[in-house]
Amino acid sequence: MILLAAAFLVTALLYASVGFGGGSTYTALLALGGVDYRLLPLLSLACNIVVVAGSTLRFARARVTPWRDALLLTATAAPAAFLGGLTPIGEKAFLGILGACLVLTGLSLILPAREDEVAKPARWARLMPIVAMPLGYLAGLVGIGGGIFLAPFLHLARWQGARAIAATASLFILVNSLFGLAGQMLKGGAGRLSAAVDFGLPLLVAVAIGGQLGSLLALKYLPQRWIRLGTAALTTWVGVRLLLIL
């Protein structure tokens, strides 16, 4: 448990420093550690909520969250995340989807981040609420927040400036994680939730510490590009490891 908690702390530190929660990597680490796959979404979504709640609040206080557009994206994705959390899925399918998501996530982090100036949105930027729906379902299915999928689409569509996109992704992760967790709880029942809480308390403490450290490093010390590349390397490595054990 000590090694797993340390890995969660590092993961939260890296992901929080680039504005994400880290749910996909938490799930993969638990899977590689031999934890019952039915507990993984509950634990990962709870850790996500701990990490991104602070980020969402900081963005709101800085007044960079585009509330109307961000809430529209979130409102279309959240019910789909709830349905994803309710959907039964076998262990091999779960791990296969998760591994592929991690590899794609790592590749998306390698893409250069756009500068914060607002460029003219692409014509298909208005379709983002529709794009958000399947992303929300996928997030709920495998127990992640989904912001790591949404952000690359928003950047490619030149949806808004970089800080507004980061704030939107943080809110998207928080709300999807809450709805996905509700679906997972209904699917698994009180017994599975109790088992997840008993096992996961040290992990929640670890990600709370890691999330705060990540925010501090991003603000004061490490260049954002180094952090993104480190996060991409970790995510891709874990995803490949997960796919190789299938």
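Give segment 152-169 a look and list any residue that's without any contact (Cβ under 8 Å) to a residue 60 or more places away in the chain and either in a helix (DSSP H, G or I) or hydroxyl-bearing (Ser, Thr, Tyr) (or both), or say none.
152, 153, 154, 155, 156, 162, 165
Just checking, does segment 164-176 include any residue being more than 19 Å from residue 150 (Cβ to Cβ), surrounded by 14 or more Cβ atoms within 10 Å (Cβ to Cβ) and either modelled with pLDDT of 85 or more or not small (Gly, Ala, Ser) (or both)?
no
I'm told residue 57 meets every condition in (1) surrounded by fewer than 16 Cβ atoms within 10 Å (Cβ to Cβ); (2) within 14 Å of the chain's Cα centre (by Cα) except one. Can you identify the failing condition by its number?
Failed condition: (2).
Where in segment 35-115 are there helices (runs of 4 or more DSSP H), lying fully within it, with 2 or more residues that are out of contact with any helix residue (DSSP H, G or I) (no Cβ under 9 Å at 6 or more places or on another chain) and under 22 Å from residue 140 (Cβ atoms)?
Of the helices (runs of 4 or more DSSP H) lying wholly inside segment 35-115, those with at least 2 residues that are out of contact with any helix residue (DSSP H, G or I) (no Cβ under 9 Å at 6 or more places or on another chain) and under 22 Å from residue 140 (Cβ atoms) span 91-110.
So residue 2 ticks every box in (1) free of Cβ contacts under 8 Å to residues at least 60 places away in the same chain; (2) under 23 Å from residue 184 (Cα atoms); (3) of a type in the set (Val, Ile, Thr) but one. Which box is left unticked?
It fails just one condition, (2).
The values are calculated or read from the model by the stated rules, or taken from the named source; none is laboratory data. Keep in mind that this is a model prediction, so the values were computed, not measured. Cβ coordinates were reconstructed from backbone atoms using ideal geometry, including for glycine residues, and neighbour counts include every protein chain displayed.
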